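Read-outs throughout are calculated quantities, based only on the coordinates presented, and are distinct from any laboratory measurement. Treat the numbers as computed from the prediction; the structure is a model and nothing was measured. Positions of Cβ are generated from backbone atoms using ideal geometry, with glycine treated the same way; all protein chains shown enter the neighbour counts.
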Amino acid sequence: MIDSDSVDTGNTQVVKFHDSDRGKRLDVALTEGASGLSRSQIQRLVSQGNVIVDGIVSSKSGTMIRGSETVTIRVPPPLPTTVVSAEAIPLDIVYEDNDLIVVDKPSGMVVHPASGHRSGTLVNAVLAHDPKMTGVGGERRPGVVHRLDKDTSGLIVIAKNDFAHRFLQAQFKERTVEKSYLALVYGVPPSPKGRVETAIGRDKKFRKRMAVYHEKSSRARFAITRYSTLECFQEFTLLEIKPITGRTHQIRVHMSYLGCPIVGDSLYGSRRTVKESYGLERQFLHAARLQIAIPNGGSRDFTSPLPIDLETVLIQSRSM
């Protein structure tokens, strides 16, 4: 357990390392010890010369910590986002205040622009809704705090200013956010409710997939998923799933690992049976509930009803 002391002074953070940090990579240790910064953000700040170790600018994210260093992290102010354009795309806004927006994202919408998806994303839509969000977070995906897969529907929170971005990201890092998904899976899990704990990393053969790692590897990160059974059908089981960590494709990988891939998930299972029977064109995975503290005070609980395409599958399954 890291016992670094982190002091946040506006756009500058000071992190003091101790003996328990010895042997860790600089980017890993700072991800654990700094406030509201992801590992990719730390790596970017190192490459930009904004991480200073004992008075010397660090140039390598992989530098090993001795356990006595004082590190200063300079976080530049948000930069104008010139590569992302605003697009007038309708948004289903569940909640909005001066700090954040909670959106009920439809299936088929990508969260932020990337290769193959330069427009039509949630970020494009949000920038049209509130142009002042340009550059929030200092990245090319303004306001994004967490993500949902393209074909996963449901609740996602977007920060409207840099303070809110750090405030919300810190909660995801500290695992105080409670997220609940509804998923229909093939077969029956090993027990009515349970907890899956594995390491997850990029598949060594198929780069679009993630995979469970049984051996220790720097390519994999520990992941925890809890699930409980809500309803059983002839072929499928409806689960409530609560990811404790937030790894890429985590729920899909863990359900496949249990031998119960998510219905409609062609990457980690098979969509043939359900598509032929019910016409489902995507994975049955919906972010139905989000409980999170908001900057203006208190904890809020947001919910999203099951979309019509997924509800139809349940109705037809119940009639069989």
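Were the residues from His214 through Asp130 laid out at 0.36 nm apart, the gain over their Cα-Cα distance would be 25.8 nm. Using a Gaussian network for the chain with springs between C-alpha atoms less than 10 Å apart, which of these wobbles most: Ser40, Ser153, Ser119? Ranking Ser40, Ser153, Ser119 by mean-square fluctuation puts Ser40 first. Of all the options Leu239, Leu182, Leu91, the one that moves most in a Gaussian network model of the chain with Cα springs shorter than 10 angstrom is Leu91. Cross-link pairs exceeding 23 Å between alpha carbons, from the set Lys204/Lys242; Lys105/Lys132; Lys24/Lys208; Lys105/Lys205; Lys16/Lys173: Lys204/Lys242; Lys24/Lys208; Lys105/Lys205. Sort Glu311, Glu240 so that the residue with the fewest other Cβ atoms within 10 Å of its own Cβ comes first and the one with the most comes last. By the 10 Å Cβ count, ascending: Glu311, Glu240. Largest GNM mean-square fluctuation among Leu306, Leu258, Leu168, using the chain with Cα springs under 10 Å: Leu258.
Between region 17-63 and region 277-310, what's the alpha-carbon centroid distance in Å? Taking the Cα centre of each part, region 17-63 and region 277-310 sit 34 Å apart.
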